[in-house]
1. Residues of region 138-151 being more than 14 Å from residue 194 (Cβ to Cβ) and crowded, with 22+ Cβ neighbours inside 10 Å, which ones?
2. In the set 296, 237, 274, 252, which member is exposed (fewer than 15 other Cβ atoms within 10 Å of the Cβ) and within 20 Å of the chain's Cα centre (by Cα)?
3. Of the residues 88, 116, which is at pLDDT 95 or above and charged (D, E, K, R)?
4. Of all residues in region 175-201, which are out of contact with any helix residue (DSSP H, G or I) (no Cβ under 8 Å at 6 or more places or on another chain) and crowded, with 20+ Cβ neighbours inside 10 Å?
5. Anything in region 254-272 that is within 21 Å of residue 39 (Cα to Cα) and aliphatic (A, V, I, L, M)? List them, or say none.
6. Can you name every residue in region 1-52 that is surrounded by 21 or more Cβ atoms within 10 Å (Cβ to Cβ), of a type in the set (S, T, N, Q) and outside any loop (DSSP other than H, G, I, E, B)?
7. Exactly one of these conditions fails for residue 111: (1) polar (S, T, N, Q); (2) part of a helix (DSSP H, G or I); (3) under 14 Å from residue 15 (Cα atoms). Give me its number.
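The values are calculated or read from the model by the stated rules, or taken from the named source; none is laboratory data. Bear in mind that the values here come from a model prediction, so they are computed numbers and not experimental data. Cβ placement follows ideal geometry from the backbone for every residue including glycine, while neighbour counts extend to all protein chains displayed.
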Amino acid sequence: MNSRNCIIVGTGPAGYTAAIYAARANLAPLIIEGNQPGGQLTTTTEVENFPGFPNGIDGPQLMENMRKQATRFGAEFMATLATSVDLKKYPFKVTLEDGQTITTKSLIVATGASAKYLGIPHEKELIGKGVSACATCDGFFYRNKIVHIVGGGDTAMEEATFLTKFASKVFVIHRRDSLKASKAMQERAFSNPKIEFLWNSTVSKILFDQAGVTGIELENLKDGSKKERKTDGLFMAIGHQPNTNFLNKQLALDDHGFIKTHEGPYTSVEGVFACGDVQDPHFRQAISAAGSGCMAAIAAERFISSKM
């Protein structure tokens, strides 16, 4: 049975940053990459708000740079999935998809949260080409353009309001005739002249050409009628699903399944740390994820030192 000082499950800005710091601390971390090495940023095009890149950088390139930096300091990567963990005994045990089991003195969870999509044809292949699940990340690219956003909760209202800083018009598509958002968020959205609501509706089709999204087909859920609408962008704001199933509820989670942390990266189990979107339902930015990855690695190094 293999034994490690530190295993990091997941990549992206959080996992890669944790790998860099853990490797530089001579922990020789093992990173379990998962089924999407690099995380959600590998599906984006240009990232303009990550510090240090005044002209922006492609998401996949940024992730590749981070991976190379971690490798330079001795981090080891495995292109596989962690299917389960045993946190009840120390050292912890991580089981991989091929059945291999590895023990570790510390565990950093950086598995992220997957944006929820509608499940309609072509939406995934059009991410970065007119389809997005992050207004903060991509809103800038829709200056003076028309966009549609799907959702009815606080996140949808917050993202719709943010998009009005750039877009000429923001249409909110909601399945019902009333919002789930808090009263304050509703009032904020209703009072914004750039926001218009399309009630009792859902997107049934995305229209596109070689350049990307050109429009959508909207279905009225009351009478079943369908109508095409032009749009430059389609944003999904129907929530995120934290990737925590492999933990089998051995860490404390909040009501939405995100890992509960305190004082930065500390979880309910000593020696287990969490960073990035898997424990952050609010900000979900590359830079905040990277910062939390740094904290997780430093905390892991201090924990291991305390055991010596």
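1. At the first step, the residues of region 138-151 found to be more than 14 Å from residue 194 (Cβ to Cβ) are 138, 140-141, 150-151.
Of everything in region 138-151, those that are more than 14 Å from residue 194 (Cβ to Cβ) and crowded, with 22+ Cβ neighbours inside 10 Å turn out to be 138, 150, 151.
2. Exactly one residue qualifies, and that residue is 252.
3. Details: 116 fails: at pLDDT 95 or above.
So the residue among 88, 116 that is at pLDDT 95 or above and charged (D, E, K, R) is 88.
4. Correct list: 201 only.
5. Selection gives 259, 272.
6. Within region 1-52, 17, 40 meet the criteria.
7. Of the numbered conditions (1) polar (S, T, N, Q); (2) part of a helix (DSSP H, G or I); (3) under 14 Å from residue 15 (Cα atoms), the odd one out for residue 111 is (2).
One line per residue, one yes/no per condition, for (1) more than 28 Å from residue 69 (Cβ to Cβ); (2) touching a helix residue (DSSP H, G or I) at 6+ places or on another chain (Cβ under 7 Å):
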position: 245; (1), (2): yes, no
position: 249; (1), (2): yes, no
position: 255; (1), (2): yes, no
position: 261; (1), (2): no, yes
position: 269; (1), (2): yes, no
position: 277; (1), (2): no, yes
position: 280; (1), (2): no, yes
position: 288; (1), (2): no, no
position: 297; (1), (2): no, yes
